[in-house]
Amino acid sequence: MKLKHYNRKMLFIGISTLLLITSSCSKDEQAPPVEKALELPAEISLSYGEEKTLTLPSTFTEQGNLSLKVEFSKTENIQINASSRLHDKLNGAIRIDDQEGKVYINSALLYPNGSVSSISGVRIPENYQLTVIASASNGSTIGEQTISVRVSPGKVGIKGHEHTGELSYAYVLYSDKGADFELEAPAIASAGTTWYLPNPAGEEGIVQLEGNQIQFASTAGDPAQKAEMEYDLSPALQKDGFTIASTTFRVIFIPQIKFFYGIYYPEYNLTIRHDFLHIGLSNGYLSAAPTLYPEKYKSTFAIISIEKDGQTFENKDGIFEINMETGSVKVKKDDSLQAGSYKITVKAITTTGLTFITDLTLSMSTG
């Protein structure tokens, strides 16, 4: 009787243990794997062409036999062109160094986020979601992190024009030749890229793009060439139709500027020049202000050089001065001056940044 009771007790213990083990295994199988963050930045912002290196903490690299990979399943795999998709581009733009625990990102092999192809109309996602996975030598995952990468367009420059702020601009004097501007993006490799310029609405035939040259026709602006007229352009450098660099560029056509010593009657287009005058020697003199028309472009004036009878005159004593605001030339009373013809070359810097030069000749004698 005691033996039978003992066997029943052992059977009960065995079944309970088996159930406990089975339950424990079931719980282990259902438990989600614990992900350890790789301590990398959650977000990265790059300008097109910029490179970035991500470095894992030493707590990972010191384990040895580290294996890294990057997945893009969280980024839509859109069609880029006939032969490649976005994941192909991401694979080419990212390089891994398992030994050093580094991930290298080259944005020049990608596209600015949010860009729409002018060829296919396809839109690049608002960011690239990169999942970096670190594995041990046995294949087990020891760390995983998803990083949001955003690439913004690079900058296009206008050769010979400084880009200040958000808007680059240039003033152009009306002429029969139109105007040309050269686009450049020296920081961006040109292979596989093309220049693009959308035409301003209603201005077909006025401005066009030839290679990297913006060309304005001679008919641009006001037909009478008297009123200011401006054109806002958005030139871009593209790859597969996606804008990788751009700028905003305003071209302002303005009337020909007249700059001389004398009087101008615009209603008659009549010019009376007072740029050769006879004055008494050593008596001192103050000229009238020069004409700069249209007057709204008047800014500052400066003396460039002085010649006496065709030879350079050193104005070391400051005998000749100019009013920077009006352009009036002053000759101080000075007994050291000798009779002769003094040619004063004057520069006007306009509000447009354009520079104009004229001269005023003072013939000095005692009689």
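The values are calculated or read from the model by the stated rules, or taken from the named source; none is laboratory data. Nothing here was measured: the structure is a model prediction, and the numbers come from that model. Every residue, glycine among them, receives a Cβ derived from its backbone with ideal geometry; neighbour counts consider all protein chains shown. Heads up: the accessible areas ignore ligands, DNA and RNA and are worked out on the full protein's heavy atoms, side chains in. Shrake-Rupley method; radii C 1.70, N 1.55, O 1.52, S 1.80 Å.
Worth a mention:
- For the pair N199 and Q213, label points projected 7 Å from Cα toward Cβ lie 1.9 nm apart.
- Set of aspartates and glutamates near K316 by C-alpha distance (under 19 Å), chain-local residues within fewer than 8 positions excluded: E307, D334, D335
- Per residue, the convex hull spanned by the alpha carbons of region 248-325 comes to 168 Å³.
- Averaged over its residues, the chain has an accessible area of 58 Å² per residue, based on protein heavy atoms and a 1.4 Å probe.
- Its alpha carbons give region 83-131 an Rg and a Dmax of 12.7, 42 Å.
- Neighbourhood charge, 13 Å Cβ-Cβ cut-off, centred on N127 and excluding it, Lys, Arg +1 and Asp, Glu -1: 0
- Placing R0 at 45 angstrom, the Cβ-Cβ distance between R85 and M229 gives a FRET efficiency of 0.50 after rounding to 0.05.
- By the rule of a C-alpha distance below 14 Å, with chain neighbours fewer than 8 residues away ignored, the aspartates and glutamates paired with K333 are D317, E321.
- Taken one residue at a time, the phi angles of region 217-230 give Karplus couplings (6.51, -1.76, 1.60, θ = phi - 60°) of 6, 5, 8, 5, x, 6, x, 7, 6, 10, 9, 5, 8, 10 Hz. Gly and Pro are set to x.
- Expressed to the nearest 5 percent, the antiparallel share of DSSP beta bridges inside region 155-254 is 75 percent.
- Across K296/K347; K226/K330; K177/K226, pairs whose alpha-carbon gap is larger than 24 Å: K226/K330
- For T271, the accessible area of its heavy atoms, probed at 1.4 Å with every protein chain present, is near 60 square angstrom.
- Environment charge at A185 (Cβ cut-off 14 Å; Lys +1, Arg +1, Asp -1, Glu -1): 0
- The relative contact order of the chain comes to 12 percent, based on Cα pairs under 8 Å that sit 6 or more residues apart.
- A straight line joining the Cα centroids of region 238-259 and region 59-75 runs 46 Å.
- Of all accessible heavy-atom area on region 43-152, the percent that carbon and sulfur account for (1.4 Å): 41
- Over 21 Å between alpha carbons, listed pairs K258/K298; K69/K102; K52/K102; K159/K298: K159/K298
- Neighbour cut-off at most 16 other Cβ (10 Å), DSSP loop, GluC sites (Glu not before Pro), region 128-218: E162, E166, E203, E204
- In the chain, helices alone account for a calculated mean residue ellipticity at 222 nm of -3500 deg cm²/dmol, with every DSSP H run of four or more residues adding -39,500 (n - 2.57).
- Comparing region 43-152 with the 2.2 N^0.38 Å rule of thumb, its C-alpha radius of gyration ratio is 1.14 (two decimals).
- Note on region 309-367: Cα-Cα pairs beyond 14 Å make up 63% of the total pair count.
- Cα gyration tensor, the chain - rounded (a/c under 1.5), prolate or oblate: prolate
- The overall shape of region 155-254, judged from the alpha-carbon gyration tensor, is prolate: a/c is not under 1.5, and a/b is greater than b/c.
- Förster-model FRET efficiency, 30 Å R0, K69 and A189, C-beta, rounded to 0.05: 0.65
- Partner aspartates and glutamates whose Cα lies under 20 Å from the Cα of K155, excluding those fewer than 8 positions away in the same chain, are identified as E50, E51, E126, E166, D180, E182, E184, E210, D232, D240.
- Helix 2-30 axis, angle to the chain major axis (alpha carbon atoms, nearest 10°): 10
- For E50, the residues 5 or more places off, or on other chains, whose built amide H falls under 5 Å of its own are S107, A108.
- Debye-sum result for region 236-367 in log10 I(q)/I(0), which assumes one identical scatterer on each alpha carbon, at q = 0.23 Å⁻¹: -1.37
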